[in-house]
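Let me begin by presenting the structure, written as structure tokens, before commenting on it.
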Amino acid sequence: MPIQRREFIAAIGTGALATTAGCAQSGDSSGQTEAAAESGGGSQPGVSGETLTLTTTTSTYDTGLLDEIHPDFEDMYGVSVDAVAQGTGAALESARNGDSDIVMVHARGLEDEFMRNGYGVNRRDLMFNDFVIVGPESDPAGIQGMRSATEALTAIAESEAQFVSRGDNSGTHTKELNLWEAAGTEPGGDWYQETGTGMGEALNVANQQGAYTLSDRGTYISQRSEIDLVILVQGPIEDGPEILANPYGIMAVNPGVHDNANYDLAMAYIGWITSPDTQDAISNYQVNGEQLFFPEAVSENPDFQQYVPEGWSSDSDG
């Protein structure tokens, strides 16, 4: 049986990001709604006073993006958002168990599995950045400037230079495993350490040990002033290999599977975060003068494949 929603939020502890700017005003909004109803008008949506539970990848938490943009949504609808920061795998598992209303993650293969199994609906492309391989400036494996991410990992493995892996089934960890597989290398041994932590902590561990790691660009930029690691292999944003692209998606939990899911509020959130205004806010969000995320929801030529698992068609068996 899924644990109760409030117990779930409390159990996450330090992994939870509760943005409550709209909580204080939600009571006022309810009063405004009642007054408006008595006067024959209406200025607040029907979801006013409710709470949306969002499970999301740690990079949206570590970078401060959600703290920046959520007050607008909370004020607009008179609601609060409980944003629970987990790795992508854990965020999807929480949603699979009925413990969230909506998920924001960055591992398309895991998202597709989630949708194919009936747990997620109305997926949208949201934004992107990229992955980078970072490490000590001394660069013991000699990978700086390499144009191939897989060749860089092969060099790290062959030199047995220290490498820190998140090891947490997150989107970043999934990408890392895909890269090792593409490189034809199975990492292991004393030089390879799995932390089982979020990106921010993995960067700190790599920094302390003078190790390499794979990071999303946004989290690295947000912590760069606090660590000594440098980017040694760039992603496609800086003309690096496309294999290091890092797209984010968002989808509602299927109310047909979990009738406790707040589907109305989840769909309001999807509409809001993929709107031109919020996409502009994502584009304008910077840390130390650098853009962390690049909006992808608004396009003159939309990709309709974004709504369904990759490769799916009405004629397919899936």
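Under 9 Å from the Cβ of ALA281, count the other residues' Cβ atoms, weight Lys and Arg +1, Asp and Glu -1, and hand me the total.
Values: positive: none; negative: GLU68, ASP72, ASP277, ASP280.
Every neighbour counted, the sum reads -4.
Express the relative contact order of segment 172-304 as a whole percentage, based on alpha carbon pairs under 8 Å and six or more residues apart in sequence. Mind showing how you got there, number by number?
Values: 84 pairs, mean separation 21.1, N = 133.
It rounds to 16 percent for segment 172-304.
Report the net charge of residues surrounding THR58, where surrounding means a beta-carbon distance below 11 angstrom and charges are Lys +1, Arg +1, Asp -1, Glu -1. Summing Lys/Arg as +1 and Asp/Glu as -1 gives -3. Using a probe of 1.4 Å on the protein chains alone, the accessible area found for TRP312 is around 90 Å².
Among bridges DSSP assigns within segment 130-244, what percent are antiparallel (round to 5)?
Counting only bridges with both partners in segment 130-244, antiparallel ones make up about 60 percent.
Note that segment 195-292 shows a convex hull volume over its alpha carbon atoms of 154 Å³ per residue. Residues in segment 91-103 carry Karplus couplings, in order, of 4, 5, 5, 4, 5, 4, 7, x, 9, 8, 9, 7, 10 Hz; the curve used is 6.51 cos²θ - 1.76 cosθ + 1.60 with θ = phi - 60°, and Gly or Pro positions show x.
In the full protein context, segment 130-244 carries 41 Å² of accessible surface per residue, based on a 1.4 Å probe and ignoring ligands, DNA and RNA.
How would you rank 246-253, 202-209, highest first, on the average number of other Cβ atoms within 10 Å across their residues? Walk me through the numbers before you get to the answer.
Working: 246-253: 25.1, 202-209: 19.8.
Result, highest mean Cβ count within 10 Å first: 246-253, 202-209.
Net charge around LYS175, counting only other residues with Cβ within less than 12 Å of its Cβ (Lys, Arg = +1; Asp, Glu = -1)? Net local charge, LYS175 excluded: -2. Sorted into 5 angstrom bins from 0, the C-alpha pair distances of segment 130-244 split as 2, 14, 26, 29, 22, 7, 1 percent. Within the assembled protein chains, the solvent-accessible surface assigned to ILE270 is about 10 Å², based on a 1.4 Å probe.
The values are calculated or read from the model by the stated rules, or taken from the named source; none is laboratory data. Keep in mind that this is a model prediction, so the values were computed, not measured. Here the Cβ is made from the backbone with ideal geometry for all residues, glycine too, and neighbour counts use every protein chain on show. Note: areas computed on protein heavy atoms with side chains; ligands, DNA, RNA excluded. Shrake-Rupley method; radii C 1.70, N 1.55, O 1.52, S 1.80 Å.
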